[in-house]
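Written below as structure tokens is the structure these notes are about.
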Amino acid sequence: MFGGLKKRLLAARNRLDTSIGAVVEPSTAPVETTSPEVPAPETPGFPSLVDKVKILIIDRELVVSDKDVSEALSALEMTLLESDVALPTSDAIIAHVRTSLVGKHRKIGESVDTLVVRALKNALLTVLGNGFDLTEYIKTHEHPVKILFTGVNGTGKTTTIAKVGSYLKKQGFSVVIGAGDTFRAGAIEQIDVHAQRIGIKIIQHQSGADPSAVLFDTVQYAISHKIDVVLADTAGRFHTKANLMSQLEKIKRVMKPDLVIYVDEAVAGNDAVIRAAEFERTIGADAVVLTKADMDSRGGAAISIAHTINKPLMFLGTGQSYDDIIPFSPAQVVEELLGGDA
Ligand SMILES: Nc1nc2c(ncn2[C@@H]2O[C@H](COP(=O)(O)OP(=O)(O)O)[C@@H](O)[C@H]2O)c(=O)[nH]1
Ligand SMILES: [Mg+2]
């Protein structure tokens, strides 16, 4: 997951290390050592940080000017844009890193790399938001919690519903699925197979039926059987298709979802971010699921989507089986991308 971005960030981190390392006069630096705190990067093909920039322990004041880091920050910006990070998100990251690095530093026993990694981590954390703890939400809201999944075709809505159903069942919640994609041939059979496999009740009508009616029945079933969570599938749609959008409005009026989840695929990169922004503007979304993160090397959508639409990322889909879903954790993603313990 996000392997390409990880490699590129390492290169950008090395460049920042070198620029700031050059500010620290080796002759006046009182101690030079190889800090056990800073492991050499494991990615092959990159020179070790220890070779590239001597680990200088700053125990005097280090003053970094804008000029010292401007080239390295331009390179970081290119790295982010080439990784499909949206421009406003990239701008926010660069601004944050610049603010963290430019100015005076005085930390006893801290290496240049620690300073750089901390700046990068904090910058990423500011754009990644807080995520969305679905379990906590369900625990603290009236049942049934009604969740509507929507987005364009083929991005993984139905698979995500099966994964989320299985995840919630394991947490002890009772779940019912509504087969609200009555449009695409085979869609009802597809979700029915998933529901049987994971042992979750499904409510379905005939193909071509009004999805609002199916989802209304699903909610009624949940109420009368005291089910904790309703997961509502829908047909794929673009926000530009007026008839499908008014159908979605009707679904919302009839089933009154507590949460509308926008599903898109991480591999779509900036397209996913643009679609999510349009969707959020026209229909509204409470949170986002990005699927196919396992196939995404660039990571741009995952980095940008929450910042761009100002809605949290809830889950990442990481494969084709039911367990291949992880609650989105900003700290974990940052750790995966930058590692270390800064
Ligand atoms: N590799 C991978 N494939 C996924 C993931 N989520 C869904 N898929 C695949 O994407 C395809 C479309 O999924 P589907 O749920 O039918 O999409 P929908 O049209 O949005 O309902 C299927 O082949 C899924 O197995 C994921 O996280 N990783
Ligand atoms: Mg589907």
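The values are calculated or read from the model by the stated rules, or taken from the named source; none is laboratory data. This is a predicted model, so every value here is computed, not measured. Cβ: placed from backbone, ideal geometry, glycine included. Neighbour counts: every protein chain shown.
Observations on the model:
- Being closer than 26 Å to A285 by Cα and either within 12 Å of ligand 1 (Cβ to nearest atom) or among the acidic types (D, E) (or both) is a description that does not apply to D113.
- Flag for V164 being farther than 21 Å from L244 by Cβ, within 16 Å of ligand 1 (Cβ to nearest atom), modelled with pLDDT of 95 or more and buried (at least 21 other Cβ atoms within 10 Å of the Cβ): yes
- Top-ranked residue of segment 270-280 - restricted to ones that are of a type in the set (D, E, K, R) and closer than 8 Å to H239 by Cβ, ranked as farthest from ligand 2 (Cβ to nearest atom): E278
- Among the residues of segment 104-149, those that are in a loop (DSSP other than H, G, I, E, B) and farther than 23 Å from V289 by Cα comprise R106, K107, I108, G109, S111.
Matching residues to (1) in a loop (DSSP other than H, G, I, E, B); (2) small (G, A, S); (3) within 15 Å of the chain's Cα centre (by Cα):
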residue	(1), (2), (3)
T240	yes, no, no
K250	no, no, no
I261	no, no, yes
V273	no, no, yes
E280	no, no, no
S297	yes, yes, yes
I305	no, no, yes
L316	no, no, yes
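- Segment 309-334 residues that are under 17 Å from T160 (Cα atoms), paired with ones that are assigned to a loop (DSSP other than H, G, I, E, B) and within 16 Å of ligand 2 (Cβ to nearest atom) (beta carbon under 8 Å, 6 or more apart): G317/G156; G317/K292
- So L168, is it of a type in the set (A, V, I, L, M, F, W, C) and either over 30 Å from P257 (Cβ atoms) or not assigned by TED's automatic domain parsing to the domain that holds L248 (or both): no
- Per-region count, segment 182-212, residues within 25 Å of Y167 (Cβ to Cβ), within 12 Å of ligand 1 (Cβ to nearest atom) and part of a loop (DSSP other than H, G, I, E, B): 2
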